[in-house]
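S.K.: Below: one structure in structure tokens.
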Amino acid sequence: MCPMPGEPNRGGQTAVAPKGSPARVTLHLGPFPSKTNLTAPYPRSPSKVDPNNPPWPAFRGYLKHSFAHVTMGVRLPTMLGKAIDDASCTLNEQSSEDLKIDLANCLERMDQLLIDLRGNAKLRPLIDDDEADVALWNKEIAMYFQGKDFMNAPWLFAEAYKFRRLHECFSVSKYWKDYDVFYRQKCDSFARSAEAVFELSMRFAEPFKHATNLSDAEKIEADRLTFLELTQVCLWGNSTDLALLTNVTEEQFKSLQSAGADHLAATEKNILGGRIDFVLDNAGFELYCDCVYADFLIQSGLAKQIRFHGKRYPWFVSDVTKKDWEWLLNTMVHDRIFPDATEVERGSLRRLGNRWKQYERDGKWVYEQHPFWCTGYTFWDLHSEAPDLFLHLSHSDLVFFKGDLNHRKLTYDCHAPASTPFDVAIGPMASAAGAPRICSLRTIKSDVVVGFGEDGDVIAKKLDDEEPGWKISGKYAVVLLSEGRPGEKVHSA
């Protein structure tokens, strides 16, 4: 109620009405935040979350001094330039005029993509190239990204869109639909990891067995230690060398192992001798490490079947495709890329490769490639946009999501506090009925960081102060678990 002239107002002052004018009223906004203390309510409620508005603020390329800005403005154009060099090299190797003309047209489309990327062009719809994901892409662009450009769309979507446009450069061609501009460097990364490759093959070529005269308790402990060790190998495999991180001290590495010990032990308990899924990350040496790990899971009886999920076409430079999968197994059996290897080393790699190929023939290992993995959607939308895939994953006893990109898609790649629990950060992938148990094995290489525990914000702040750039150094890693809601009936979104 407003004070009458002559009465004290809430501030204790007397309201006086000048002669001939209405009384002035002072509004007191005590219950409301001041203008200098306005903050948006985060996380957003589920009904307000969409691809352009993640639960917490999105990382966007226009934010200077961010890794998103460096990636969109420098790293992606540089990578695309190298891809153009690769295609140009292939063009020069061709003798057929038809092949040359067709590939030259692909190069023209790549040149235009580079112009669009450097010029921060608007995101146009995709051309219908008969890929199964075109409708999902164009639906998402129409609903959420009309008028958006490479820099003001969320970084994750813009980066994925760039790789989809790169695929389009070849998918609309006549002869080069399946060309992989990254294939040479993926193969080369494995060839350059010879020392680490043979360190693993020499140790695990022979079928796993316990030492004689071990008690049952000692056998269980031996299995546990091997499981923990190979989980670490799988976690750090994308460092492309078992020396792993050459600038990390032994003390730091032990600290990392200690930080993940509880999660690793919990992971082992959740493997019930059934089906395990790997949503793969990088080809080459990392895929090799994944397979060494999967081999142990089969031999130890922790899993009876393992399903590997790769990409339908070249994606984010080094992601696994069916061609990469076949190349690895066949190269192991018919090695000619390690000229300095001994016959003993070659033999160990051959035995390992033959055993893995037998797993495929027996149906113990299955390679799959669903179109959803190469869309712009995060995994928060997997349940609604790819219900068949969600239902398929719900039948797994444990799903490993490998690497940084899969982690970004799980967590919506947004600025969530480091203390945010993992099952909160991954939304429907933890909360939807039938959501499988999930383990994220991630070397931290980008800004999103969650699951650090109650003191996570303090830990992250300390690292920010003492070690700027720690989020993109690849020096730290996390093993995060979600129990999901396995066994519950999956409902249509």
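The values are calculated or read from the model by the stated rules, or taken from the named source; none is laboratory data. Being a predicted model, the structure only gives us computed values, none of them experimental. Cβ placement follows ideal geometry from the backbone for every residue including glycine, while neighbour counts extend to all protein chains displayed. The accessibility values were calculated without ligands, DNA or RNA, using every heavy atom of the protein model including side chains. Shrake-Rupley method; radii C 1.70, N 1.55, O 1.52, S 1.80 Å.
S.K.: Cβ-Cβ distance below 8 Å, separation of 6 or more or different chains: which pairs start in region 466-489 with a residue that is within 30 Å of Ala433 (Cβ to Cβ) and end on one that is assigned to a loop (DSSP other than H, G, I, E, B) and among the acidic types (Asp, Glu)?
M.R.: Pro486/Asp397
S.K.: When you go through Leu389, Leu382 one by one, which is the residue that is open to solvent by less than 10 Å² (accessible area, probe 1.4 Å) and either touching a Pro at 6+ places or on another chain (Cβ under 8 Å) or within 18 Å of Arg44 (Cβ to Cβ) (or both)?
M.R.: Leu382
S.K.: Could you go through region 429-450 and let me know if any residue there is under 18 Å from the mean Cα position of the chain (by Cα) and free of Cβ contacts under 8 Å to residues at least 24 places away in the same chain.
M.R.: no
S.K.: Sticking with this structure for a sec: Can you name the residue in region 152-178 that is open to solvent by less than 40 Å² (accessible area, probe 1.4 Å) and assigned to a loop (DSSP other than H, G, I, E, B) and, of all such residues, is nearest to Leu405 (Cα to Cα)?
M.R.: So the residue we want is Ala153.
S.K.: Evaluate the following for Val292: is it more than 30 Å from Thr78 (Cα to Cα), touching a helix residue (DSSP H, G or I) at 6+ places or on another chain (Cβ under 8 Å) and either at pLDDT 95 or above or open to solvent by 10 Å² or more (accessible area, probe 1.4 Å) (or both)? Reasoning before the result, please.
M.R.: Numbers: more than 30 Å from Thr78 (Cα to Cα): yes; touching a helix residue (DSSP H, G or I) at 6+ places or on another chain (Cβ under 8 Å): yes; either at pLDDT 95 or above or open to solvent by 10 Å² or more (accessible area, probe 1.4 Å) (or both): yes.
The answer is yes for Val292.
S.K.: If we keep just the residues of region 460-493 that are assigned to a loop (DSSP other than H, G, I, E, B) and of a type in the set (Lys, Arg), which is most open to solvent (accessible area, probe 1.4 Å)?
M.R.: Of all residues in region 460-493, those assigned to a loop (DSSP other than H, G, I, E, B) come to 467-476, 483-493.
Remaining after also requiring of a type in the set (Lys, Arg): 471, 475, 485, 489.
Values: Lys471: 44, Lys475: 46, Arg485: 86, Lys489: 156 Å².
Per the criteria, the residue is Lys489.
S.K.: Provide a single number: the residues in region 50-59 that are surrounded by fewer than 20 Cβ atoms within 10 Å (Cβ to Cβ) and in contact (Cβ under 8 Å) with a residue 12 or more places away in the chain. Explain how you work it out, then say what you get.
M.R.: Taking region 50-59 and keeping what is surrounded by fewer than 20 Cβ atoms within 10 Å (Cβ to Cβ), we get 50, 52-53, 57.
Still in the running and in contact (Cβ under 8 Å) with a residue 12 or more places away in the chain: 50, 52, 57.
Counting residues in region 50-59 that are surrounded by fewer than 20 Cβ atoms within 10 Å (Cβ to Cβ) and in contact (Cβ under 8 Å) with a residue 12 or more places away in the chain gives 3.
S.K.: Just to verify a result, which residue in region 139-151, among those that are outside any loop (DSSP other than H, G, I, E, B) and open to solvent by less than 40 Å² (accessible area, probe 1.4 Å), is nearest to Phe59 (Cα to Cα)?
M.R.: Asp149
S.K.: Right, Gly434: crowded, with 17+ Cβ neighbours inside 10 Å, not acidic (Asp, Glu) and not in a strand (DSSP E or B) or not?
M.R.: In short, yes.
S.K.: Further question: Are any residues in region 336-363 assigned to a loop (DSSP other than H, G, I, E, B) and either in contact with a helix residue (DSSP H, G or I) (Cβ under 7 Å, 6 or more places away or on another chain) or closer than 19 Å to Val197 by Cβ (or both), and if so, which ones?
M.R.: The answer is Arg336, Ile337, Phe338, Pro339, Asp340, Ala341, Thr342.
S.K.: I'm trying to understand the selection: among the residues of region 427-466, which are basic (Lys, Arg), farther than 18 Å from Tyr412 by Cβ and out of contact with any Leu (no Cβ under 8 Å at 6 or more places or on another chain)?
M.R.: Across region 427-466, the qualifying residues are Lys461, Lys462.
S.K.: Conditions first: (1) without any contact (Cβ under 8 Å) to a residue 12 or more places away in the chain; (2) part of a helix (DSSP H, G or I); (3) surrounded by 14 or more Cβ atoms within 10 Å (Cβ to Cβ). Gln112 passes all but one, so which condition is the exception?
M.R.: Every listed condition holds for Gln112 apart from (3).
S.K.: Would you check which residues across region 157-211 are among the aromatic types (Phe, Trp, Tyr), under 27 Å from the mean Cα position of the chain (by Cα) and within 20 Å of Arg351 (Cβ to Cβ) and list them?
M.R.: Within region 157-211, Phe190 is the sole residue that qualifies.
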